[in-house]
Structure formats: C-alpha cells, structure tokens
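A.B. asks: Sharing a structure below in structure tokens format, with a few things to ask.
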Amino acid sequence: MAEAKIKTIRSMVNEINFVGRSLLSVNDLTDDQMYGLFNLALALEPFNRSMVPLVTGNVMSTLFFQPSTRTRMSFETAMHRLGGAVISEANPMVTSSAAKEESLSDMLKVVSKYANVIVMRHFNDVDARQAAPYSESPVINGGWGHWEHPTQALLDLYTLYRTYGRIEGLKVCVASADLIEARTGHSMAQGLARLGAKVVLASPQAKRTPEDVREKIASRGISVEEAFDLNQDTFNDLISGMDMVYLPGCSAPKGAEAEAFKAVMDNYFVRYETLEKVANDSNRTIYVTHTLPRRAGEMDLRIDTSPSQLYFEAIAYSVAIRMALVCAILGV
Ligand code: CP
C-alpha cells in the first residue's frame, strides 16, 4: 500500500516536471505546476507529522541572512519529514565566512558542493538574484529584499485551495500600509491573479504595489483593482465584500517615523465586528490570513478564535506544500 502511494507520488513529481529547477519567483512556476504542487501536498499531508522517506540521502542547506521562524523551520521540518538532512546557517553574517566578507556568489558555489538544494533568505534581492546562478544546486527564494517571497505565496494559495477547493473566482483583498516593501504581497498578488482570483490591492497611493509587479500581471491580460488611501471605515466596507483578506505585513520604520506609520497601519485594521456582521447577515465567512509575524494593532485578536482565522491553519499546510516543493525539485 505504502509502495503504491510512493509510486503515485513519483508520477505526480514527474508530471510537475520541476526537478533540478530553482524557485526564485512565483513566476518560475506555471499554473499547472502550482496545481501539481497543491495535489502533491495533499498526498503528503498525512505525513507532515510523521515521516515518508522520499528524499533520503539528500541534504538541504538553509542560509538565512534575515531572521525567520516559519520559513526556515518549516523547510527544515519538511526536509526531516522526507528523510533528508539539513545544514543550517541562521545568522550567517556572524557565524559563517560572510562575516569575513566572503562574497555571496562564492558562498553559494561552496555550499552547493555540500547541499542538494539551498533555501536562502536575504535582505538584498539584487545581490541574491546575481549570486543565485553561481549555485550548482537549485536555490529556493525564502524571502529576498522587498522583491518576492514565493513559497509564502505558495503556502497561502494552498491554504486557500484547501479552504475553498478552488481559487478561481474568489475575491481577495491584499492590504498593507506599504505594498512597496511587502514581498509576500508581490508574490501572492501575482499567484492569485494568475489562478483566476479577483484581486484588490489596498494601500496608500504613495506605497502602491511596484510597477514591475503590476506590469507582470497586466502582461497576462489580467486586471487587478487598486484601492488607495482608505480609512478604517472604508477599508472595512471594502473587505465586507471579500472572500479573504490577505495581510502580507511589511517592515515598519523605526524611530521618528514609527508613530506616523502606525497611524497609517490603523487604516487597515480588520475589525472583528465586520466579519461578525457578514457572518450573521449573509451566513458567509470572510477568511483572514496574515503571513506573520504580526504587530499589535493590525487586527482584532478575537479573530484568532473565530472561523475566519486562517493564519495558524496555514502553518500546518506550509509543511506539506514545502515537502511537495522539495520533492518536485529533488525528485523522489
Ligand atoms: N511568514 C514568514 O516569512 O515568517 P518568518 O519571517 O518567520 O519566516
């Protein structure tokens, strides 16, 4: 029986046809490959608290030049669940030879001699994109600068797919006080639009989604709405008509600008009452997800224990979809 399941998994991996490839942007995957990964993740979900030895003998390196709880640990969990091994640098500017000014390209060239796949988070997307081709093993973008965080989008798309059984036709508001810096927002908006969701990008006009992201979506003939400069009332009116609110977070300024930023962030506060009213009046659930970590004041914490909460649900799905991605890249 287990052998039959592994055979099915192998045929799914073959169908995805992504062995040996890097995932730097959500656009490195075709729509069919995304759905292929969702179906593979579904098959792997039963093993995300146990083990299925599909990539035994392989090594993953996690190089995280910025802090992380979820991305690094869920990739490492995925690799362990698949029977592989992990070598990790959680603070490479201190504990690796990056501290001795070794270039990122040299580092990737060297680490790829040890590891079969590298998951890297980096504060500078230009440096990361320039260095990635020096790796002799596939590289997975675990969040680069303000550019993209494709596997976060993949796990949030998978969570939506698991919640509704589809993505096409769903109305999703991606909202942030700063959509310029929200790398997850960039990946998610593109993934959602490509899979047929109706997307509204809500932000201050001065912090709207970068032109290159909007152009990439438009180049596929997809239109995405933008809503600028909402206040808390108009934002909550807008989300009343949505199936999901997606809060990608972003880096908040420190020091003198912090208070002004908090005031803008307050305009995108998801009220519990908004969700409750729609549930009572129309018997409809508006789901809320946040990529986490979240800050105080971003949403009503009563949502945590309501049917709308998807952000902790997504954590379990994150292991299954990352197991699927690792299998798709390494082969089984
Ligand atoms: N969502 C996310 O990327 O979380 P971490 O920063 O904890 O990895």
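A.B. asks: Have a look at Val139, Val119, Val94, Val111 and point out the one that is open to solvent by less than 10 Å² (accessible area, probe 1.4 Å), more than 10 Å from Phe65 (Cβ to Cβ) and more than 16 Å from the ligand (Cβ to nearest atom). Outline the logic, then answer.
C.D. replies: Working: Val119 fails: more than 16 Å from the ligand (Cβ to nearest atom); Val94 fails: open to solvent by less than 10 Å² (accessible area, probe 1.4 Å); Val111 fails: open to solvent by less than 10 Å² (accessible area, probe 1.4 Å).
Step by step, each of Val139, Val119, Val94, Val111 is checked, and only Val139 is open to solvent by less than 10 Å² (accessible area, probe 1.4 Å), more than 10 Å from Phe65 (Cβ to Cβ) and more than 16 Å from the ligand (Cβ to nearest atom).
A.B. asks: Take segment 142-164 and flag every residue that is open to solvent by 50 Å² or more (accessible area, probe 1.4 Å) and assigned to a loop (DSSP other than H, G, I, E, B).
C.D. replies: Listed by number, the list holds a single entry, His146.
A.B. asks: Which residue is farthest from the ligand (Cβ to nearest atom), if the candidates are limited to segment 31-54 and must be outside any helix (DSSP H, G or I) and open to solvent by 70 Å² or more (accessible area, probe 1.4 Å)?
C.D. replies: Initially, segment 31-54 is screened for residues outside any helix (DSSP H, G or I), giving 48-54.
Subsequent filtering for residues that are open to solvent by 70 Å² or more (accessible area, probe 1.4 Å) retains 49, 51, 53.
On the way: Arg49: 20, Met51: 23, Pro53: 26 Å.
Across segment 31-54, the extreme among qualifying residues is Pro53.
A.B. asks: With the condition kept exactly as written, say whether any residue in segment 175-190 is more than 16 Å from the ligand (Cβ to nearest atom) and at positive phi.
C.D. replies: No, every residue in segment 175-190 fails to be more than 16 Å from the ligand (Cβ to nearest atom) and at positive phi.
A.B. asks: Out of Lys216, Lys277, Lys254, report the one residue that is open to solvent by 60 Å² or more (accessible area, probe 1.4 Å) and under 24 Å from the mean Cα position of the chain (by Cα).
C.D. replies: Details: Lys277 fails: under 24 Å from the mean Cα position of the chain (by Cα); Lys254 fails: under 24 Å from the mean Cα position of the chain (by Cα).
Criteria check complete, one pass: Lys216.
A.B. asks: For segment 55-77, indicate whether the set of residues that are more than 30 Å from Cys250 (Cβ to Cβ), surrounded by 19 or more Cβ atoms within 10 Å (Cβ to Cβ), more than 16 Å from the ligand (Cβ to nearest atom) and within 21 Å of the chain's Cα centre (by Cα) is non-empty. Don't jump to the end; show me each part of the working.
C.D. replies: Keep residues of segment 55-77 that are more than 30 Å from Cys250 (Cβ to Cβ), which gives 55-59.
Those still in the list that are surrounded by 19 or more Cβ atoms within 10 Å (Cβ to Cβ) too: 55, 58.
Retained after the next criterion (residues that are more than 16 Å from the ligand (Cβ to nearest atom)): 55, 58.
Within this subset, residues satisfying the condition of being within 21 Å of the chain's Cα centre (by Cα) are none.
No: segment 55-77 contains no residue that is more than 30 Å from Cys250 (Cβ to Cβ), surrounded by 19 or more Cβ atoms within 10 Å (Cβ to Cβ), more than 16 Å from the ligand (Cβ to nearest atom) and within 21 Å of the chain's Cα centre (by Cα).
The values are calculated or read from the model by the stated rules, or taken from the named source; none is laboratory data. Given the structure is predicted, the values throughout are model-derived calculations rather than measurements. Note that we place each Cβ from the backbone using ideal geometry, even for glycine, and neighbour counts take in every protein chain shown. Heads up: the accessible areas ignore ligands, DNA and RNA and are worked out on the full protein's heavy atoms, side chains in. Shrake-Rupley method; radii C 1.70, N 1.55, O 1.52, S 1.80 Å.
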